[in-house]
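Below: the structure, in structure tokens.
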Amino acid sequence: MALLQISEPGMSAAPHKHNLAVGIDLGTTNSLVATVRSGMSTVLQDEHGHALLPSVVRYLENNGVEVGHDAQAQQSTDPTNTIVSVKRFMGRGLKDIANRAHIPYRFVENTNKESNGMLQIETRVGNKSPVEISAEILKTLRTRAEKALGGELTGAVITVPAYFDEAQRQATKDAARLAGIHVLRLLNEPTAAAVAYGLDNASEGVYVIYDLGGGTFDISVLRLSKGVFEVLATNGDSALGGDDFDHRIFCWILDQIRLKVPNFSPLSEEDTRLLLTKSRQAKEWLTDNYESQITCKLSNGYFVDITLNVSQFNEFTQNLVSKTLNPTRKAIRDAGLSLDEINGVVLVGGATRMPHIRHAVADFFKQEPLTNLDPDKVVALGAAIQANVLAGNRSDKDLLLLDVTPLSLGLETMGGLVEKIIPRNATLPVARAQEFTTFKDGQTAMSFHVLQGERELVSDCRSLAKFELRGIPPMAAGAARIRVTFQIDADGLLSVSAKEQTSGLESHVVVKPSYGLSDEEIGNMLKSSFLAAENDKQARAVREAQVEAARLLESITFAMDQDADKILSPDEKEAIYSQMEALKEIMKSDDSQAINRATEKLNKSTESFAARRMDASVTKALAGQNLDSLEI
Amino acid sequence: MELLSRNYFELFGLPTQFRIDSDRLDQNYRKLQSEFHPDRFVSGSASEQKQSFQVAAHVNDAYRTLKHPTQRARYLLKLRGVDTLEESNTAMPADFLMKQMEWREAIEEAKNDHNLAELDNLLQLMKVTSKDYLSKLETDLADDKDLVSASSIVRKLSFVDKVTSDIEQIIIGIED
């Protein structure tokens, strides 16, 4: 039986209130939502008892949308309006998509300049971006969770592949925003799995998470120590997963057909989807069986009847398996470890059910991988645990996740080369600065090109953004000092700023990746999805301002109760209290701008109080140690 | 914040010296992050969130610097007012230059032959070389005995670190 939790006095801001927080695994093939109830992480089911929601979205004739099993059932009859594996297209442009000819969608280049690049899919209700399609999946999970928990969600932790780049992460966050979900944190999938696994097994030591999902592969090396999960290195391939094994079977079937019928006509979209579905079923069947019978009737009347056996399957997918081992080697090398220092290997993701994957992993690590948690659910379960901590429901400070950035970030320099500013595997959050100078006498502007990737040439890395710093005072070449700062927050998202040092001229630029959506686009999507009337929008703005104000008041009240007497002078205390009162008064109005202004003002005036509290807590954190460690 | 101006050793409650208690560094790193990581301020005010980002990023930077011996030595020398001048002072003793050339040749040969075993040997050699320099560094830096010599060893170590990462890159290139 699960034990009931009692929080330590004074530890939680609002111990009486249980915030409804969930973890969402937005997967390529299936998506799940989980929450912590009575101290146990549990996956929430739909009304038919299904835990897994197939990540399939179908746009209907009547403007309606179907998500999940119903949509999946129609994928072969309505392939162009039924989108599966949309995650593979998140933050991606047309040129990024391999095997495009074998994907039964009508892809459209996005014409909007601001988000230049992210592809769209033509459906019967118009062009849809992967962000909008993913938002439908998230909305369905949100509804499921709110029904099950009986209230509005405070927020969610949404998982992403560790090897997702900036554009893919931003797209995921945008999808949550469209679905009306407050994102507490984007969490890397292997780290989420480690949390669920590590806490369940009370493990300590170095663990490797091998996560092969429907469309992505991640490998993470973590050190677990007293509730701290420290990612040492991560690597992967964000375009490699179970889908690719299906695709190999699909190609093999086509080859077999063409052996018999040399000039077999090209497949229709329906037939492509049908054969891909048959391929997936054959792959799953081969997990426990020696051979699989593939039978179906194509639209031209041709009857497919072929047998695929395990050794054939293993042979033509062997190089996919080896493709996972290179990133694995790199991650272990980056972590500075040898194989005998690894305490365990955990398998995550449905694709790790394939026996030849298990054998390859066991051979590589020279130990049997751990599979005692359901590889489909472990990510959602871990995300729920982290959501529970972040929402403030868990009062002890045991659990802490220290994650890394998967890819190096840098700037273009002369000659089309990339100067790395933040190396891969830097622990988050991270801030790094580097100085650059002018190339010509009297140069007054400088343009920056932000890139992500490991290669040395600009053309081999992913372009994230370009921005300019103007108004540099004219000086001799090489005299100006332009300091460029890169920051990556705990969600793994980047912002960049530039400052001319000698003149103090500053230019802050928050980088929006070129494959992201502009605020305007999101605004339009929100409008069209909710069809919000003007006064609805106002009411929403007031509500948001009030929630934000209440949140701030709650956290400051808590901080004041704890430390005001110790840290603040009576005058300072009085000043903060009176502003709190002012905000409480203004909150009652329906003037969202006035509320936001008062919130901002209170925020500003508590800055130094917050700073002094942090200083005080360093001393507290390191207190109680032997004096000999402090000798100088 | 006062804590952002502390030197990295003080930040982790360690004596300001080259030889450190690595376990204590790890422990105190985790303690500090448990206190300041942005995850602890998800429901905090905007100023708390901003400051927690600053502190957590600073702690990460400090930890990385102290954890890595070459960086730690460089940082300590900087605290003592000695700039290691790795960018400008490229003059190296003749015997080190000879060694350097031998290494480069061996790496080039192993690279062309795709000889992974030899590259692994060279990695080991770099490890041993680096260990050697580190023990000299420890002597030089104890009680600030010889900061000039220490600074020259740091320059050599940077070079060894660079060669090590070059070999790793080559290995990755061959394995791909």
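The values are calculated or read from the model by the stated rules, or taken from the named source; none is laboratory data. Model, not experiment: these values are computed from the prediction. Cβ placement follows ideal geometry from the backbone for every residue including glycine, while neighbour counts extend to all protein chains displayed. SASA here: full protein model, heavy atoms, side chains in, ligands and nucleic acids out. Shrake-Rupley method; radii C 1.70, N 1.55, O 1.52, S 1.80 Å.
Observations on the structure shown:
- Each listed q (0.13, 0.23, 0.28 Å⁻¹) maps to a log10 I(q)/I(0) for the stretch B:2-67 from the Debye sum over equal C-alpha point scatterers, namely -0.35, -0.93, -1.24.
- Counting 0.36 nm for each residue step from A:Glu315 to A:Asp340 and taking away their Cα separation leaves a gain of 6.0 nm.
- Cα pair count fraction exceeding 18 Å, expressed as % - the stretch A:310-362: 38
- Compactness index (Cα Rg / 2.2 N^0.38 Å), chain B: 1.26
- Residue range of chain A that is longest and free of chymotrypsin sites (Phe, Trp or Tyr not before Pro) which are both DSSP loop and sparsely packed (at most 13 other C-beta within 10 Å): A:1-289
- Cross-link reach is defined here as a Cα-Cα straight distance under 22 Å, omitting same-chain residues fewer than 8 places apart; for B:Lys145 the lysines meeting it are B:Lys78, B:Lys131, B:Lys136, B:Lys156.
- List of the stretch B:52-68 residues, accessible area with partners at least 40 Å² below that of the chain alone (1.4 Å probe): B:Phe53, B:Asn60
- Here the stretch A:532-621 has an Rg and Dmax of 15.4, 53 Å, counting Cα atoms alone.
- Peptide-level mean, for A:544-552, of C-beta atoms on other protein chains within 10 Å: 1
- Unit Cα scatterers, Debye sum, the stretch A:409-520: log10 I(q)/I(0) for q = 0.12, 0.17, 0.19 Å⁻¹: -0.42, -0.84, -1.02
- Only lysine pairs 8 or more places apart or on separate chains count here, and in the stretch A:532-621 those with Cα atoms under 29 Å apart total 18.
- The modelled label-to-label distance for the pair A:Ser503/B:Arg80, using points 7 Å beyond Cα in the direction of Cβ, is 4.2 nm.
- The stretch B:94-175, accessible surface, carbon-and-sulfur percent (1.4 angstrom probe): 52
- Rounded accessible area of B:Glu10 (nearest 10 Å², 1.4 Å probe): 90
- Carbon and sulfur %, accessible surface of chain A computed with the full protein complex present, 1.4 Å: 49
- In this structure the amide hydrogen of A:Leu187, modeled in the peptide plane, comes within under 5 Å of the amide hydrogens of A:Ile158, A:Thr159, A:Val160, none closer than 5 places in sequence on its chain.
- Per-pair calculated FRET efficiency, R0 = 35 Å: B:Thr65 and A:Ala616 via Cβ, rounded to 0.05: 0.90
- Residues whose placed amide H lies under 5 Å from that of A:Arg37, excluding near-sequence neighbours: A:Thr42
- Only one residue of B:Ala62, A:Thr154, A:Ala539 has its Cα farthest out toward the positive end of the dipole of the protein assembly as shown, where Lys and Arg carry +1 and Asp and Glu -1 on Cβ, and that residue is A:Ala539.
- Taken per residue, the accessible surface of the protein assembly as shown reaches 45 Å², heavy atoms only and a 1.4 Å probe.
- Over the protein assembly as shown, all Cα pairs binned in 10 Å intervals from 0 give whole-percent P(r) values of 2, 11, 20, 25, 21, 12, 6, 2, 0, 0, listed from short to long.
- Summed over both chains, the area buried between B and A is near 4400 Å², taken from the accessible surface of protein heavy atoms with a 1.4 Å probe.
- Simple label model, 7 Å out from Cα along Cβ direction - B:Asp95 to B:Asp144, nm: 2.9
- Computed from the C-alpha gyration tensor, the three semi-axes of the ellipsoid equivalent to the stretch A:151-296 are 38, 21, 14 Å, from longest to shortest.
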